[in-house]
Amino acid sequence: TVIFDFDMSFETGESLAGWDFGGAWTADIGDAFDGSRSAVCEDGDGTLSKTMTVNSGVMHFFYKTDFMYGSIWEHLAFRIDGEEIFKVSSPTTEIDWTLFETYVHSGTYDFEWVFYNYGPYNAFVRIDAISFP
């Protein structure tokens, strides 16, 4: 059993200072990997971002998606300093909470979660339980 410490789970009382909820992103109650809240982007495009100074090590987060089409036009991308590190666009059915991990070197980075939604459909992306080294 692996136990993670989370730096951001979007819970009531956690500071959202420095987080940019662009487009359709919000932090809401309803579904979460950890606690009762998560960041969600639904029925629209948007970018969730934060500039962080981190140590060298593994950063991770959990994501959950439900795509209508599962094409290149509808996907979740994770970027560090504008470089796409991860992208998921299928299946078109719901993906339950899934862990993503990547190694980062110490430094200051712009972390971005970008959701491209193909149209006014009931598609969504949720991000939760983010941990920075």
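The values are calculated or read from the model by the stated rules, or taken from the named source; none is laboratory data. On a predicted model such as this, the values are computed, not experimentally measured, just so you know. Glycine gets a Cβ as well: all are built from the backbone with ideal geometry, and neighbour counts include every protein chain shown. Each accessible area value is taken on the protein alone, full model and side chains, heavy atoms only, with ligands, DNA and RNA left out. Shrake-Rupley method; radii C 1.70, N 1.55, O 1.52, S 1.80 Å.
A straight chain from residue 7 to residue 43 at 0.36 nm per residue would run longer than the Cα-Cα distance by 10.3 nm.
Between residue 100 and residue 122, residue separation times 0.36 nm minus the direct Cα-Cα distance comes to 5.6 nm.
Taking amide H as placed 1.01 Å from N in the peptide plane, residue 86 has its amide H under 5 Å from the amide H of 78, each at least 5 places away in sequence or on another chain. Amide H contacts for residue 45 (H built 1.01 Å from N in the peptide plane; partners 5 or more residues away or on another chain; cut-off under 5 Å): 24, 117.
Find the relative contact order for the chain and round it to a whole percent, using C-alpha pairs within less than 8 Å whose residues are 6+ positions apart. In percent, rounded to a whole number, it is 36.
With every protein chain left in place, what is the accessible area per residue of the chain in square angstrom, probe 1.4 Å?
Working: 6590 Å² over 133 residues.
Per residue, the chain has 50 Å² of solvent-accessible surface.
Here r is the Cβ-Cβ distance between residue 90 and residue 36 and R0 is 41 Å; the resulting FRET efficiency, rounded to 0.05, is 0.90. A simple rule links phi to the HN-Hα coupling: the Karplus curve 6.51 cos²θ - 1.76 cosθ + 1.60 with θ = phi - 60°, which for region 42-49 gives 9, 6, x, 7, x, 10, 9, 9 Hz, with x for Gly and Pro. Each listed q (0.12, 0.13 Å⁻¹) maps to a log10 I(q)/I(0) for region 18-133, found by the Debye formula over equal Cα scatterers with no solvent: -0.39, -0.46.
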